[in-house]
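The values are calculated or read from the model by the stated rules, or taken from the named source; none is laboratory data. Not measured: the values here are computed from a predicted model. Backbone-built Cβ (ideal geometry, glycine too); neighbour counts: all protein chains shown.
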Amino acid sequence: MALKIIGCALIMALPLLPVSAQTSVCEAGEDLEIVTSSQAMRAALDADLRPILADKGVALARTERTIAALRPMDTISLETENFPGIGLAGGIDNLEVTGRFSRTWERGGKREAREAVARAGIAVQKLSGKSSSTISLTRLRRCMLKLSSWSAEPISPASGSRFRGL
């Protein structure tokens, strides 16, 4: 019960604590760097990790294709029964050993179907890698259009115009 009272007291006291708000991104007297739109686009594309992720996805899809081309593993097993014992079971003398070999035969084009699905996965990953850079450029252009609507000077990706704060 005492913890509840202390917790309520702390919650009621929090609004009374002094809070210092950040009013500017830059320190007083600090100059802002001027960035052209082409520099901003290049920096955004360099910082984007989606192309790297797409390359790793293609490598993973190629690995899946390699695995799909493999046939099921053969199975070898060895079993023993009535192992000669010691002590009370010492009289048992009929050891049995059973060996088995098993191979799965795929019929009906299952392996080819798996390989076709894996090849399609590679194509999908390659297309997603190409589209990721297009998506990045589209988002950056939208951001620049929003910035140009807020600023007095119009900004266009092709003009190489300058704006502050990126």
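A compact table of results
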item: Qualifying residue in the stretch 144-154 (condition: surrounded by 10 or more Cβ atoms within 10 Å (Cβ to Cβ), assigned by TED's automatic domain parsing to the domain that holds ALA54 and modelled with pLDDT of 75 or more); result: yes
item: Residue within the stretch 34-56 that is farther than 30 Å from LEU147 by Cα and at pLDDT 85 or above present; result: yes
item: Selection from the stretch 29-68 of residues that are under 30 Å from ARG111 (Cα atoms) and either touching a residue at least 60 places away in the same chain (Cβ under 8 Å) or in contact with a Lys or Arg (Cβ under 7 Å, 6 or more places away or on another chain) (or both); result: LEU53, ALA54, ASP55, GLY57, VAL58, LEU60, ALA61, ARG62, ARG65, ALA68
item: Filtered residue count, the stretch 29-56, keeping only those that are in a strand (DSSP E or B) and of a type outside the set (A, V, I, L, M); result: 1
item: Residue that is in contact (Cβ under 8 Å) with a residue 40 or more places away in the chain, closer than 30 Å to SER77 by Cβ and not aliphatic (A, V, I, L, M), where the choices are ARG119, ARG107, ARG114, ARG103; result: ARG114
item: Matching residues, the stretch 57-82, being in a loop (DSSP other than H, G, I, E, B) and modelled with pLDDT of 80 or more; result: LEU70, ARG71, PRO72, MET73, ASP74
